[in-house]
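Input: a single structure, listed below in structure tokens.
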Amino acid sequence: MNRFDYVRAGTVAEAVQAYGAGARFIAGGTNLIDLMKYDVEKPGRLIDITRLPLDGIEEHDSGLRLGALATNAKVAYDERVAAQYPLLRNAILAGASAQLRNAASTGGNLLQRTRCYYFYDTATPCNKREPGTGCPAIGGVNRIHAIFGASESCIATHPSDMCVALAALEATVRVSGPQGERSIPFADFHRLPGNTPEQDTNLAPGEIVVSVDLPESKFPQHYTYLKLRDRLSYAFALVSVAAGVELDGDTIKTARLALGGVAHKPWRNREAEALLEGKPATRESFQQAADLIVSEAKPQSANGFKIDLARRAIVRGLEQAAAGTPQSLSDKRIQ
Amino acid sequence: MTQTFSSTGHDTFVGSPRSRIDGPAKVTGLAKYAGEFAAPDLAYGYVVSSAIAKGRIAAIESAAAEAVPSVLKVITHENRPRTAWRDKNFQDAVAPPGSPFRALYDDLIVYSGQPVALVVAEDFETARYAASLIQVRYEAQEPTTDLRAVRGDAYDPPGKREGIKPPPEPWGDADQAFGSAPIRVQGAYTLANEHHNPMEPHATTVVVEEDGTYTVYDKIQGVSNSHQYLANVFGLKPDQVRVLNPYLGGGFGSGLRPQYQAFLAMLAAQELKRSVRVTLTRDQMWSFTYRGEALQSVSLGAEADGTLTALRHDAVQGTSHYEDYQEVIVNWSGVLYRCDNVALTYRIAKLDTATPGDMRAPGAVTGVFAIETAMDELAYATGMDPIALRLKNYAESDATAEGKPFGSKELKACFTQGAERFGWSKRSPEPRSMREGRELIGWGVATGVWESMMMQSNAIATLTADGRLTVGNSTGDIGTGTYTILTQIAADTLGLPMEAVTTKLGDTRLPEAPVAGGSWTAASSGTAVMKACRNVGEQVFKLARGLENSPLANVDFDRAVFADGRIAVAGDPSRSVSMVEVMRAAGVDKLEAVEEAGPDKDFNAAYQAYTHGAIFVEVKVDEELGQVRLTRVVSAIAAGKILNPKTARSQILGGVVMGIGSALEEESMLDHRFGRFMNHNLGEYHVPVHADIYDIDVIFVDEEDKANPLGVKGLGEIGIVGTAAAITNAVFHATGKRVRDLPITIDKLL
């Protein structure tokens, strides 16, 4: 871990102003501090934003505005979130541990970095950590890596559960920076690796997340967050599915689907969502959507199983959502 | 001395469930671990680890690190202080044959993660920061860490590791019998590389005392091993160094040998003439020992009625280039089953890794997984119930030891009682025949076996005139309950309440006892403590008998009964005397005895000693998604006398949970291009969490054993053995998929 300056910002403007090359904003620190201990991140300055007045959850337009500093636990246990956005609650509670959720912030969750082994290990090359050094995950230990949208530079995945739900819910990320405020649709917030895998998101230098805005609730009953992993709790997703559907009788009116653990960002396929709309809510329809989604998948040397797993998980997730029987958080039996 | 324990007096505490007496200290933080002891002027060392697995260090640039204020020293191979250099000085008490690793010895890199520098600073943070400034240039060579690539070069180790029995000579003709057997099964089995990962990372605090001697707090499973090692390596007389380790935050075998942090802390303390602490990071816990994967094959031939006619079990395991690590993998097959044609082989192959080491039930976890999975396959091939097949071929004597009988073997009772508790008779044997909604249900069973050993151990007992008894020796309580059971034994032997007994362990000033491992501590230290207490008891008795008007006049010691702080005459409780009063009347402040206990040579000449278990598991597997839930476990254990059913049960629970990890989750994944374990953190190396663990039911069957006066066999390892096989067997029963490569991750069930 390197030495660094520490400043505490009282306002968003102060935080933005304190930013400069090599600076990092810190809120919960649940990921950044680990990365500093591993010498992956070596910030020259930490700007503590925990005192900014951004931890509220308030009604906004016809939805909810989640302050960037609202902890994951606060969001998950908010009554309005539970009633209107249970998909988000379930995704948050499927991730990390109670202790981490108590510390981790909404904005920080968006900005957490990949769990790729090579990214964390400074003894190995990594294009995301040190651009231009190569990607040893390709042809290496990659059972947890991406099957969608990877590049020859990087096959890392985004590790968040919460973001998968936010993608399905089509949230908007409000950011503030040197150029003022702007809003970024969730789908455009994270990036695919391309040949710049060092950039996880489209945040400009010095910009900070101030809130995540949820549009009007659409899936209070018909939703699920289904997470498959290497143990029954406290592990990152091999594949996860956030699904929400609106039904008109047995017909699907709206479908939103996002996958976690499979790409550099929460993975959506709008064609598959469109394919579902107007179709009967049957296993056959779900399989068609799943087949369409995985038709784009490309395996690495050790993660080909994820393609099949994703296909099956999509079908099951849509079944759970359509039936109104979301995956239980406590009963690990998959409904 | 072959009498059973109860003849020494009353079993008031022995045999009853008692909470660990070290529990309150551990949960309140009062218990101190090796990296927590303070010293005035303590300096902190931080280890720089090699980024490559093979090659040499071309240059180490340490000027930037040395320039950081409060950095005291950067020690590398180029400037390290001199130590002993002969291999024998570095060979600790449990070292395998070879030339032990020496940190910072020269410019050669022999495994990834090997320490290449130690940065010592006034505080830990500075040491870590300075360590990040050190630039090491390597001349790298291509490493070989893929056991499959070198299995053709595997060899029978020329030097045998002490205490590790090589495979027996084959008997009959296994290959010919297999060829002509009407029923045959054959399979290749692998268990992944695993790392121990105790919660407490390895750490050593070396305190330089004013008189120039050293007090060392070392994370070790027995301080005598560190003591001998440090004295030999650093040219110290035994009384110049004292090693302590009162508590261990988990070892599982990783703390059997002194590790490089102990060497580095001592090196720095000697050089700087200052107290130094070195604590490894979690990722450095992947840098010194591991349970090495093994490539195994098992061939079983049988008659139609299930009688085994051929048994072949071959294993190849990796070792380092500098030592020939060995463990017992294949012998268990010959111990468990009666068969006329048996061939068992074990070979090792060189890899560019650290030397593997003992990890909870070393060898047995690996080998019993293979044979017990193969036996399940044979059960299906013969159409027999898996328990019936095992009973059909039940060994009544140890064919790997010239047919010597077992001192005791209540494995049949384990099967009977375990099956009853589990409800085994309700099992429908066909794979995929039991389900509940979307989940397939599988029930599997396997045998567990581990050696029951005893080691030469000493113990001291001191009774003071205030009625307090202190007992102890140098072995460690590695979290197993040793403090508690020794207290129970001591209290019962002298008829005192447990509160009157203090047990001291983990200090080289106490009588010598070996490392805590192999499940031998209860038998070894327990017997030594009992003998020391008996000796003290006899001293009090003699004092009592010599007093004027003694109620014990003319009574022989073998009629003395120790209870409630008094010595009474057997059969005549009206004749008794308080021990405290005796000592006061005699004007004696304390009575003390050191006794030695060791294996019973006559018993060992006549009998073989093993613990056994039968483990039953239920899995529920999502048919479509391959998620496995292990919903029920019954583990029935035959391990002689159970000194403390509560701590004993905890040992079995822990073993079973670790077995679940081994079967379903644990895998240190190597990138062979770098020769490096890549998932070196507890986020990506998965061990079971609470959600993975459902009901675990432990049964101890009655078993009378006479290998030692306590009748105890040891429990630290038996709980893990067989667990993985029971799980693979249950997964097969549920899904029809036979997984022979552990862990059974989701991808293997799609």
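The values are calculated or read from the model by the stated rules, or taken from the named source; none is laboratory data. All values derive from a computational prediction rather than experimental measurement. Backbone-built Cβ (ideal geometry, glycine too); neighbour counts: all protein chains shown.
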For the stretch B:673-686, what are the residues that are facing chain A (nearest Cβ under 8 Å) and either buried (at least 22 other Cβ atoms within 10 Å of the Cβ) or among the β-branched types (V, I, T) (or both)?
B:F674, B:R676, B:M678, B:N679, B:H680
Residues of the stretch B:524-551 being modelled with pLDDT under 95 and among the aliphatic types (A, V, I, L, M), which ones?
B:L547
B:N535 - would you say it is without any contact (Cβ under 8 Å) to a residue 24 or more places away in the chain and under 30 Å from B:S574 (Cβ atoms)?
no
For residues that are on the phi < 0 side of the Ramachandran plot and under 17 Å from the mean Cα position of the chain (by Cα), scanning just the stretch B:246-255, find the one that is surrounded by the fewest Cβ atoms within 10 Å (Cβ to Cβ).
B:G249
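Each row is one residue, and each column tells you yes or no for (1) in contact with a strand residue (DSSP E or B) (Cβ under 9 Å, 6 or more places away or on another chain); (2) over 21 Å from B:K504 (Cα atoms); (3) at pLDDT 95 or above.
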position	(1), (2), (3)
B:S16	no, yes, yes
B:I21	yes, no, yes
B:P24	no, no, yes
B:A34	yes, no, yes
B:F37	yes, no, yes
B:Y46	yes, yes, yes
B:A51	yes, yes, yes
B:K54	yes, yes, yes
B:I57	yes, yes, yes
Using beta carbons and a limit of 7 Å, which pairs, at least six apart or on different chains, have the first residue in the stretch B:131-142 and among the basic types (K, R) and the second one at pLDDT 95 or above and surrounded by fewer than 18 Cβ atoms within 10 Å (Cβ to Cβ)?
B:R137/B:A58; B:R137/B:A59
Of all residues being within 14 Å of another protein chain (Cβ to nearest Cβ) and in contact (Cβ under 8 Å) with a residue 40 or more places away in the chain in the stretch B:735-747, which is farthest from B:S452 (Cα to Cα)? Just the residue, please.
B:D747
Taking only the stretch B:462-499 into account, find how many residues are over 17 Å from B:K531 (Cα atoms) and in contact with a strand residue (DSSP E or B) (Cβ under 6 Å, 6 or more places away or on another chain).
3
Condition met for B:A53 (buried (at least 20 other Cβ atoms within 10 Å of the Cβ), in contact (Cβ under 8 Å) with a residue 60 or more places away in the chain and in a helix (DSSP H, G or I)):
no
Would you mind finding the one in B:R673, B:R740 that is closer than 30 Å to A:Y120 by Cα and either hydroxyl-bearing (S, T, Y) or modelled with pLDDT of 95 or more (or both)?
B:R673
Can you tell me how many residues in the stretch A:308-335 are of a type outside the set (D, E, K, R), within 12 Å of chain B (Cβ to nearest Cβ) and surrounded by 20 or more Cβ atoms within 10 Å (Cβ to Cβ)?
9
Output for Cβ contacts, cut-off 7 Å, separation at least six or different chains, first residue within 14 Å of chain A (Cβ to nearest Cβ) in the stretch B:278-290, second in a helix (DSSP H, G or I), reads B:T279/B:G35; B:L280/B:Q261
For the stretch B:347-368, which residues satisfy the criterion of being closer than 18 Å to B:L300 by Cβ and not small (G, A, S)?
B:T366, B:V368
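One line per residue, one yes/no per condition, for (1) in a loop (DSSP other than H, G, I, E, B); (2) among the hydrophobic types (A, V, I, L, M, F, W, C); (3) under 31 Å from the mean Cα position of the chain (by Cα):
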| residue | (1), (2), (3) |
| --- | --- |
| B:P40 | yes, no, no |
| B:A65 | no, yes, no |
| B:V68 | yes, yes, no |
| B:V74 | no, yes, no |
| B:P81 | yes, no, no |
| B:W85 | yes, yes, yes |
| B:V94 | yes, yes, yes |
| B:R102 | yes, no, yes |
Report yes if some residue within the stretch B:463-486 is within 19 Å of the chain's Cα centre (by Cα), of a type in the set (V, I, T) and either under 12 Å from B:L510 (Cα atoms) or in a strand (DSSP E or B) (or both); otherwise report no.
yes
Surrounded by fewer than 22 Cβ atoms within 10 Å (Cβ to Cβ) and under 13 Å from the mean Cα position of the chain (by Cα): is that true of A:P159 in this structure?
yes
Collect the residues in the stretch B:280-302 that are of a type in the set (S, T, N, Q) and outside any helix (DSSP H, G or I), keeping them in residue-number order.
B:T281, B:S287, B:T289, B:Q296, B:S297, B:S299
When the residues of the stretch B:125-147 are narrowed to those that are part of a helix (DSSP H, G or I), in contact with a strand residue (DSSP E or B) (Cβ under 7 Å, 6 or more places away or on another chain) and not β-branched (V, I, T), which ends up nearest to B:A93 (Cα to Cα)?
B:L147
Are any residues in the stretch A:223-275 surrounded by fewer than 24 Cβ atoms within 10 Å (Cβ to Cβ), touching a helix residue (DSSP H, G or I) at 6+ places or on another chain (Cβ under 6 Å), among the hydrophobic types (A, V, I, L, M, F, W, C) and away from chain B (no Cβ under 14 Å), and if so, which ones?
A:A272, A:L275
Looking at the stretch B:732-750 only, could you name the residues that are out of contact with any Pro (no Cβ under 6 Å at 6 or more places or on another chain) and in a loop (DSSP other than H, G, I, E, B)?
B:K737, B:R738, B:V739, B:R740, B:L742, B:P743, B:I744, B:T745, B:L750
Selection from the stretch B:623-645 of residues surrounded by fewer than 24 Cβ atoms within 10 Å (Cβ to Cβ) and closer than 30 Å to B:D747 by Cβ yields B:E623, B:E624, B:L625, B:G626, B:Q627, B:R629, B:T631, B:R632
Yes or no: B:G357 farther than 29 Å from B:I52 by Cβ and either at pLDDT 95 or above or buried (at least 24 other Cβ atoms within 10 Å of the Cβ) (or both)?
no
Between a first residue in the stretch B:646-672 that is within 14 Å of another protein chain (Cβ to nearest Cβ) and surrounded by 24 or more Cβ atoms within 10 Å (Cβ to Cβ) and a second residue that is acidic (D, E) and part of a helix (DSSP H, G or I), which pairs have beta carbons less than 7 Å apart while being 6 or more apart in sequence or on different chains?
B:I660/B:D692
Quick one: which of A:P215, A:P193 is modelled with pLDDT of 95 or more, more than 14 Å from chain B (Cβ to nearest Cβ) and crowded, with 24+ Cβ neighbours inside 10 Å?
A:P193
Need a quick list: helices (runs of 4 or more DSSP H) entirely within the stretch A:68-130 having at least 2 residues that are of a type in the set (D, E, K, R), without any contact (Cβ under 8 Å) to a residue 24 or more places away in the chain and surrounded by fewer than 18 Cβ atoms within 10 Å (Cβ to Cβ).
A:79-84
If we keep just the residues of the stretch B:693-729 that are charged (D, E, K, R) and buried (at least 22 other Cβ atoms within 10 Å of the Cβ), which is farthest from the other protein chains (Cβ to nearest Cβ)?
B:D705
Could you check the stretch B:212-231 and list, in sequence order, the residues that are surrounded by fewer than 18 Cβ atoms within 10 Å (Cβ to Cβ) and not β-branched (V, I, T)?
B:G212
